[in-house]
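The values are calculated or read from the model by the stated rules, or taken from the named source; none is laboratory data. The model shown is predicted, which means the values in this text are computed figures rather than measured ones. A quick note on method: Cβ atoms are made from the backbone with ideal geometry, for glycine too, and the neighbour counts reach across all protein chains shown. Keep in mind that these areas ignore ligands, DNA and RNA; they rest on the heavy atoms of the full protein, side chains included. Shrake-Rupley method; radii C 1.70, N 1.55, O 1.52, S 1.80 Å.
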Amino acid sequence: MQVKELSYQPKHVWERLELTEIEKLELISKEYIEFLSAVKTERECVEFAGMRLRKKGFKKDSVERGFFTYRNKFLAAWIMGKKSITEGLKIVVSHIDTPRLDLKLHPLFEDTELAFLKTHYYGGIKKYHWVAMPLALRGIVAKKDGNIVKIVIGEDPSDPVLTICDLLPHLARKVQGEKKLSEAIPGEKLNVLVGGIPLVAPEEEKEKLKDRIKLNVLKILYDRYGIKEEDFVSAELYLVPAGKAREVGIDRAFIGGYGQDDRICAFTSLKAFLEVKEPDTTCLLVFMDREEIGSEGNTSAKSRVLEKVIYDLIKGAGLPPNPDVFFEVISNTKVLSADVTAGIDPNYVEVHDKLNDAKLGYGVAVSRYTGHGGKYMANEAHAEFLAWLLGLWDKNKVAYQVVSMGKVDEGGGGTVAKFFASYGMDVVDVGPPLLSMHSPFEVCHKVDLYSTYKAFKTFYQG
Ligand code: MN
Ligand code: MN
């Protein structure tokens, strides 16, 4: 042992990759950019994964290689392993919801002969990110007759986009400039501009018809989608950044786009899962919803829907679905809570602990614990489990960094890890670091994308 080997000296992943791996990384990056550009809601993510799974022979009722969806926003897929299920499962779980602006229940109004849609933001956003930029409207309207109408406006190059207008700087000195950043743009002002042409009407009726701009928007919606104003109450329509994800940087080191928290983990775990061949341990891929608002609701990690999947697997293996067997499975189960973390931003180094936080380009980041100062409200992975995982990755040349997020007293966040831990499973947070996290244009490094994919694949297969 040489003395210099005693200290920990991480190296940039790019310099550790072989040429064939760099070629593979570029291919995965291209595929990921297409995925990010096409999939912007949790329903679309479940639909995308379902398509990919079916293509690879997975079936909804299969014991060996099957999948299950719930309310179109939760997905679990499995591959039965060679070993008994009582020796545990390997689960990679990511969340497929992203911060966005939801339409309010009664969103449409007209003011000063302009039509707007009112919104209520979902998840942790900085409101100033969402003004003066092109937005797309995506989602569904559930009609009382049972029909589901899909809506996407603002993505096709021939589509119009929507936007939230910001105040010009000339008049913003007091109403915005003198306020705190968090208060400068109130939630109630996140109204989306959608119309400016009055409905054509005979001269004698014009007087009687109120809000003709709004009516014209409703007429266009009715002609195109068959929906009326009252149908908004049973719709799930989101405003998301319009347009495609892109390579970023003169050297194309990065990928920029909306929704990478956490669809970068959904994408990489799905890709890894689809490539798993005859695993020893039964593998489970899980997509969950509502993480960004605290995992509330029946498609979230707090719901008990996953228990049904595990009981089905137990029955499929020919074992009795009782609590004893369930706990035997659970107590031997290993979980990667696949979620992104904050990369060190050198422009805001004051919030980071440079020795402990994640660096872009240094591989998949393992957050042993999340939470706030004092480790509140978070899971912390046990030393033994972590050592097992890192040993496996070392053997398979997976590039990783073990990190924390931010200085101790600076803030924090949580993931779905604690909900899995509550069953007794071993779980640790794993995912790539991002810059501009929770913004409309999040940035990841291509080598971290690749390392994340490789980490999941090794975990399932190894
Ligand atoms: Mn996340
Ligand atoms: Mn998040």
(message) Using the Karplus curve 6.51 cos²θ - 1.76 cosθ + 1.60 with θ = phi - 60°, what ³J(HN,Hα) values do you get for each residue of region 113-118, in whole Hz, with x for Gly and Pro?
(response) 6, 10, 9, 9, 10, 7
(message) Here is the link list: Lys127/Lys189; Lys334/Lys395; Lys395/Lys418; Lys127/Lys228. Which ones come out longer than 21 Å on Cα distance?
(response) Lys395/Lys418; Lys127/Lys228
(request) Quick one: pull the percent of accessible area on the chain belonging to carbon and sulfur, 1.4 Å probe, ligands and nucleic acids left out. (result) 54
(message) Run the helix sum for the chain: -39,500 (n - 2.57) per DSSP H stretch of 4+ residues, divided by residue count, reported at 222 nm to the nearest 500 deg cm²/dmol.
(response) -8500 deg cm²/dmol
(request) Can you send over the solvent-accessible area of Trp388, 1.4 Å probe, protein chains only, in Å² to the nearest 10? (result) 90
(message) Quick check: pseudo-label points 7 Å beyond the Cα along Cα→Cβ at Phe385 and Asn298, how many nm apart are they?
(response) 2.9
(request) Using DSSP, restrict attention to beta bridges with both residues in the chain and report what percent are antiparallel, rounded to the nearest 5. (result) 70
(message) Give me, ordered by chain and number, the residues 5 or more places off Ala115 or on other chains with an amide H under 5 Å from its own placed amide H.
(response) Val194, Gly195, Gly196
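Suppose a student asked you for the relative contact order of the chain, using Cα pairs under 8 Å spaced at least 6 residues apart; what percent would you report? Before the final figure, lay out the partial values.
Details: 937 pairs, mean separation 101.9, N = 462.
That works out to 22 percent.
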(request) Please give every one of the lysines within straight-line cross-link reach of Lys359, meaning a C-alpha to C-alpha distance under 16 Å, and leave out same-chain neighbours fewer than 8 residues apart. (result) Lys11, Lys407, Lys446
(request) Would you mind checking which residues have amide H under 5 Å from Asp280's amide H? H placed 1.01 Å from N; only 5 or more apart, or other chain. (result) Lys82
(message) Quick check: pseudo-label points 7 Å beyond the Cα along Cα→Cβ at Ala201 and Ser158, how many nm apart are they?
(response) 3.2
(request) Tabulate in residue order the Karplus-calculated ³J(HN,Hα) for region 318-325, using 6.51 cos²θ - 1.76 cosθ + 1.60 with θ = phi - 60°, rounded to whole Hz; enter x for Gly and Pro. (result) x, 9, x, x, 10, x, 5, 5
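Classify region 345-462: rounded, prolate or oblate, from the alpha-carbon gyration tensor (a ≥ b ≥ c, eigenvalue square roots; a/c under 1.5 rounded; otherwise prolate if a/b is larger than b/c)?
Working: a/c = 1.76, a/b = 1.14, b/c = 1.55.
The shape class here is oblate.
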(request) Residues in region 256-283, backbone N under 20 Å from the label point at Lys82 (7 Å along the Cα-to-beta-carbon vector): list them, ranges by number please. (result) 273-283
(request) At 7 Å along the Cα-to-beta-carbon direction for both Met133 and His372, put a label point, then send me their distance in nm to one decimal. (result) 2.7
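What FRET efficiency do you get for Leu167 and His120 if R0 is 25 Å and r is their Cβ-Cβ distance, rounded to the nearest 0.05? It would help to have the intermediate numbers written out before the result.
On the way: r = 21 Å, r/R0 = 0.83.
Approximately 0.75, to the nearest 0.05.
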(request) Quick one: what are the phi-derived ³J(HN,Hα) couplings along region 246-261, Karplus 6.51/-1.76/1.60 with θ = phi - 60°, whole Hz, x for glycine and proline? (result) 9, 6, 10, x, 4, 8, 6, 6, 10, 10, x, x, 7, x, 5, 8
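Using a 10 Å cut-off on Cβ atoms, rank the peptides 299-312, 23-36, 278-291 from the highest mean neighbour count down. Mind showing how you got there, number by number?
Details: 299-312: 18.4, 23-36: 16.6, 278-291: 22.9.
Top to bottom by mean Cβ count within 10 Å: 278-291, 299-312, 23-36.
Suppose the chain between Lys395 and Glu47 were pulled fully straight at 0.36 nm per residue; how much longer would it get relative to their current alpha carbon spacing? Before the final figure, lay out the partial values.
Working: separation 348, 0.36 × 348 = 125.28 nm, distance 3.51 nm.
Extra length available between Lys395 and Glu47 comes to 121.8 nm.
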(message) Quick query: amide H of Asp429 versus all other amide H atoms, modeled in the peptide plane; which residues come in under 5 Å with a sequence gap of 5 or more or a different chain?
(response) Ser337, Ser367
(request) Round to the nearest 0.05 the FRET efficiency obtained for Asn356 and His106 when R0 = 51 Å and r is the Cβ-Cβ distance. (result) 0.60
(message) If you build the convex hull over the alpha carbons only and average its shadow over all orientations, what do you get for region 100-241? Give it in nm² to one decimal.
(response) 10.3
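Over the chain, average the accessible area per residue using a 1.4 Å probe and give it in Å², no decimals.
Values: 22930 Å² over 462 residues.
In whole numbers, the chain has 50 Å² accessible per residue.
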(message) Using only the alpha-carbon atoms of the chain as identical scatterers, what base-10 log of I(q)/I(0) does the Debye formula give at q = 0.10, 0.12 Å⁻¹?
(response) -0.78, -1.07
